[in-house]
């Protein structure tokens, strides 16, 4: 009996010693974690970048910059997107992100009531901050925390000033827009008209050309029939430039016109190298990705609250034919 009691006490002491040592190891291990590892653990946020145009070179650069910033700051970043501008799937991705309770959503702004409802009601109601990138939606309509991307109003002004420099103070200018203009397109258009409106001998005509290449080609063909004395085209939506030039080339020399666009995509750069685009606005998509993640982290950690409601503008510049290799 006595031996049993002694063995029981000994076993009990071993158990207590085991748990004591285990607790000590945990305490000392946490104290010995390197500062960099601690920071990475503290910043273990889950972010998601959602785009409507996953398969474009522009958004590939945005993703590249965002991933680099996420890795540098020790946060998780997932990139979700749709192909071929499928708006229903795009909005569904935002809903899934909100339901998944991610820590922050970085998203290409879409100027629709459905998008605004998701960001203003569901995301805000769930306490999930939203930052728009590349394309903005006004803060009072979306409750996004901030915007990171080009100043599209200034971009419109810059391309209009370049046109005046090339064409002179008189001429007929066609502004080709989509049927349903996004906020960024309206901003570009405002910037263009503010500059061209200063010249009484410059006539502007706004043409709604749809979104598909076929629609743009048809609108260009009709315009050339009705306005054969047109001097210049500005493709307010970057993906219109190729269709405009293709349709013009079927009937006459492209170099009879001054042609301008936005975004230095592979297609527009190729057209510029061929001398078919006179100038375009080059943006900074990789910087947009980097800064959007950086500002989201600043918000989440409380380092910068509130963020600038007017947004953080990335670099834009006029790129001319002589600037291309």
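Structure notes:
- Those residues of the stretch 106-149 which are assigned to a loop (DSSP other than H, G, I, E, B) and free of Cβ contacts under 8 Å to residues at least 40 places away in the same chain, in sequence order: 112, 126, 127, 128, 143, 144
- Hey, residue 62 at pLDDT 95 or above, buried (at least 18 other Cβ atoms within 10 Å of the Cβ) and part of a helix (DSSP H, G or I) or not: yes
- Condition check for residue 164: at pLDDT 95 or above and part of a strand (DSSP E or B): no
- Criterion: over 17 Å from the mean Cα position of the chain (by Cα), under 20 Å from residue 187 (Cβ atoms) and in the same structural domain as residue 74 (by TED's automatic domain parsing) - qualifying residue of 95, 141: 141
- Meets criteria (in a helix (DSSP H, G or I), closer than 30 Å to residue 71 by Cβ and in contact with a strand residue (DSSP E or B) (Cβ under 7 Å, 6 or more places away or on another chain)) for residue 272: no
- Residue within the stretch 252-259 that is touching a residue at least 24 places away in the same chain (Cβ under 8 Å), under 25 Å from residue 161 (Cβ atoms) and assigned to a loop (DSSP other than H, G, I, E, B) present: yes
- Residues of the stretch 212-242 satisfying the condition of being in a loop (DSSP other than H, G, I, E, B) and touching a residue at least 60 places away in the same chain (Cβ under 8 Å): 231, 236, 237
- Close pairs (6 angstrom Cβ cut-off, 6 or more residues apart or separate chains): within 10 Å of residue 196 (Cβ to Cβ) in the stretch 161-173, assigned to a helix (DSSP H, G or I) anywhere: 161/195
The values are calculated or read from the model by the stated rules, or taken from the named source; none is laboratory data. The structure presented is a predicted model; accordingly, all values stated were derived computationally and were not measured. All Cβ positions, glycine included, derive from the backbone under ideal geometry; neighbour counts span all protein chains shown.
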